[in-house]
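Following: one structure in structure tokens, then a few remarks.
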Amino acid sequence: MTASTEPTGDVRAVTIADVAALAGVSVPTVSKVLNGRADVAPTTRARVEAILEEHSYRRRRARTSTDPSLIDLVFHELDNAWAQEVIKGVEDAASARRVGVVLSELGGSHRPQQDLIDDILARRPLGVLLVLSSLDATQRHQLESRSIPFVVVDTWGEPPAGVPTVGSNNWNGGLIATRHLLSLGHRRIGVIAGPADVLCSRARVDGYRSALEEAGIRPDPALTRWGDFHVLGGYTHGIDLLSRPDRPTAIFAGSDYQSLGVMRAARELGLSIPEDLSVVGYDDIPLAQWLGPSLTTVRQPLREMAATATQMLLSLAGGEHPANLRIDLATELVVRESTAPYRT
């Protein structure tokens, strides 16, 4: 029997046997590839995967009552309170549906290695949540061909069309943070963003620039720094900005952790917050309200984002098709003690 190479609506779906015949391997070998088994030669695996993709193979999902109900939660990195808030939101939503969570970290990378994808395929979870990370085209097809849906939380780049995503309105966050500082009379406002290649970082800087421009202020490139969301990045860029003879009187930091670094830099340079320098953070992690002074920050609803993404993922796993595959939740400014009117 010869498998069709034109799987249209008038032609039957390609079967595992067809794929095996086209690849010149046995049916069990194709099954091993589909299940993420490691005992397949890389060249054989690549040949089978290529045929699966060429013929748009989709495995019907047939779960039994004995299959574990799991979702995979994949983080680019975990060593901060931001991640803990997201984990809590996922676990709350998953446990309400009696679904377990398998947690993985990419060590700061934004794309999984193939061995992690193989582990996921072997587990056959209900779906995969990717936090500040994404899949390449081959990895997307590997999950899709096994009927394993995925949702991206807080995308690091512009996702391909049709990829379900949940985030927050980062542009508005940058806008309201900067408007707040402008309302206090500040005109030289620095920004220490996250990485330049991360979508939410760029959106927050765009919001910052828009607020300045609507106030008739041309953004000064010398006051823009691209950081890494971490304390050290905030500290290093804070020292640099605050050591300038024309230093900013306020700084908008792209994360609460970077705000901590800015506050440390200000203290070392003999500046008081908020008397000499106003600081606005981003995220509103639990620690923000306990700092001295407490941190004015943009709250993004991390737990709600995570819960929404989990619910979307489980809906996709159940065969539903959400009307909206791109959800951005609202951000809001939380005013505390780290900002004050500009003093001449």
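The values are calculated or read from the model by the stated rules, or taken from the named source; none is laboratory data. Here the structure is a predicted model, which is why all the values come from computation and not from measurement. Don't worry about glycine lacking a Cβ; one is built from the backbone with ideal geometry, like all the others, and counts go over all protein chains shown. Please note that ligands, DNA and RNA were not included when accessible areas were found on the heavy atoms of the full protein model with its side chains. Shrake-Rupley method; radii C 1.70, N 1.55, O 1.52, S 1.80 Å.
Brief remarks on what is shown
- Considering only residues in the stretch 148-183 that are open to solvent by 40 Å² or more (accessible area, probe 1.4 Å) and in a loop (DSSP other than H, G, I, E, B), the one that is modelled with the highest pLDDT turns out to be Asn169.
- Scanning the stretch 184-209 for residues that are open to solvent by 30 Å² or more (accessible area, probe 1.4 Å), in contact with a strand residue (DSSP E or B) (Cβ under 8 Å, 6 or more places away or on another chain) and of a type in the set (A, V, I, L, M) returns Leu184, Ala196.
- If you go through the stretch 212-263 and keep only what is acidic (Asp, Glu) and under 28 Å from the mean Cα position of the chain (by Cα), you end up with Asp228, Asp256.
- Leu126, sole failed condition from (1) within 30 Å of Glu332 (Cα to Cα); (2) crowded, with 22+ Cβ neighbours inside 10 Å; (3) in contact with a helix residue (DSSP H, G or I) (Cβ under 8 Å, 6 or more places away or on another chain): (1)
- If the condition is being outside any loop (DSSP other than H, G, I, E, B) and either open to solvent by less than 30 Å² (accessible area, probe 1.4 Å) or closer than 18 Å to Thr249 by Cβ (or both), then the stretch 210-220 contributes Ala211, Leu212.
- Neighbours by Cβ (under 9 Å, 6+ apart or cross-chain): first from the stretch 263-289, among the hydroxyl-bearing types (Ser, Thr, Tyr); second buried (at least 21 other Cβ atoms within 10 Å of the Cβ) and in a strand (DSSP E or B): Ser278/Ile189; Ser278/Ala250; Ser278/Ile251; Ser278/Thr296; Tyr282/Phe252; Tyr282/Ala253; Tyr282/Thr297; Tyr282/Val298
- Residue in the stretch 274-286 that is least open to solvent (accessible area, probe 1.4 Å), counting only those that are touching a Ser or Thr at 6+ places or on another chain (Cβ under 7 Å), part of a loop (DSSP other than H, G, I, E, B) and farther than 22 Å from Ala330 by Cα: Leu277
- Taking each residue of the stretch 155-183 that is within 11 Å of Ser210 (Cα to Cα) and looking for partners that are among the basic types (Lys, Arg) and at pLDDT 95 or above with beta-carbon atoms closer than 6 Å, six or more apart or interchain, yields Gly174/Arg204.
- Matching option when the condition is over 16 Å from Ala306 (Cβ atoms), modelled with pLDDT under 75 and either in a helix (DSSP H, G or I) or basic (Lys, Arg) (or both), among Arg58, Arg98, Arg45: Arg58
- Candidate set from the stretch 326-344 (those that are part of a loop (DSSP other than H, G, I, E, B) and under 26 Å from the mean Cα position of the chain (by Cα)); member that is surrounded by the most Cβ atoms within 10 Å (Cβ to Cβ): Thr331
- Check on Trp226, open to solvent by 20 Å² or more (accessible area, probe 1.4 Å), of a type in the set (A, V, I, L, M, F, W, C) and within 30 Å of Ser315 (Cβ to Cβ): no
- Of everything listed in (1) assigned to a helix (DSSP H, G or I); (2) open to solvent by 10 Å² or more (accessible area, probe 1.4 Å), the single unmet condition for Leu271 is (1).
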